[in-house]
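Let me begin by handing over the structure; questions about it come next.
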Amino acid sequence: MGARRVLVLTYHWPPFGGAGGNRWVSLSRHLRELGHEVSVVTTPVFGALSTDHRDGVLRTRALGGGGSLPPQKAAKGAHIRKVARAQDAVPMVG
C-alpha cells in the first residue's frame, strides 16, 4: 500500500495530558515515519501548542467546548466530511 493521507479527529491531543492524547500523538508520529501525511483536527479547549501548524494540527470548536459535538458525531457532519474530502484523507476518529 502506498502513502495515504490520514485525517485524525480527536478530542484528546496535547496539551491535554494523559494516555488519550499521547496515544494519538504516537500513532500520528509512526504513520508519518511510514511516509503517510497526517492532519489532526482537535479542540482548542486545552489551549494550543507552538508546533500546531508545523504538525498539521487544526483546532476547532466543532470538537469540544460550548455544546459542540463529540468527535464520533462530528465526523459525520458536513463540515468534517468536507475537510476530509479536501485533504483527500482517510478519517480516523478517536
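The values are calculated or read from the model by the stated rules, or taken from the named source; none is laboratory data. Quick caveat, the model's predicted, so the values are computed rather than measured. Positions of Cβ are backbone-derived with ideal geometry, glycine not excepted, and every protein chain shown enters the neighbour counts.
Would you please name the residue that is modelled with the lowest pLDDT, looking only at residues in segment 41-70 that are among the β-branched types (V, I, T) and farther than 15 Å from V8 by Cα?
Looking at residues that are among the β-branched types (V, I, T) and farther than 15 Å from V8 by Cα, I get V45.
Working only within segment 24-51, note down all residues that are basic (K, R) and either over 13 Å from the mean Cα position of the chain (by Cα) or surrounded by 14 or more Cβ atoms within 10 Å (Cβ to Cβ) (or both).
Within segment 24-51, just R32 meets the criteria.
Let me ask something else. Going through segment 1-42 one residue at a time, which ones are of a type in the set (S, T, Y) and out of contact with any Pro (no Cβ under 9 Å at 6 or more places or on another chain)?
Answer for segment 1-42, where residues must be of a type in the set (S, T, Y) and out of contact with any Pro (no Cβ under 9 Å at 6 or more places or on another chain): S26, S28, S39.
I need the full set of residues from segment 1-22 which are loosely packed, with under 14 Cβ neighbours inside 10 Å and at pLDDT 90 or above, in order please.
The one that is loosely packed, with under 14 Cβ neighbours inside 10 Å and at pLDDT 90 or above: P15.
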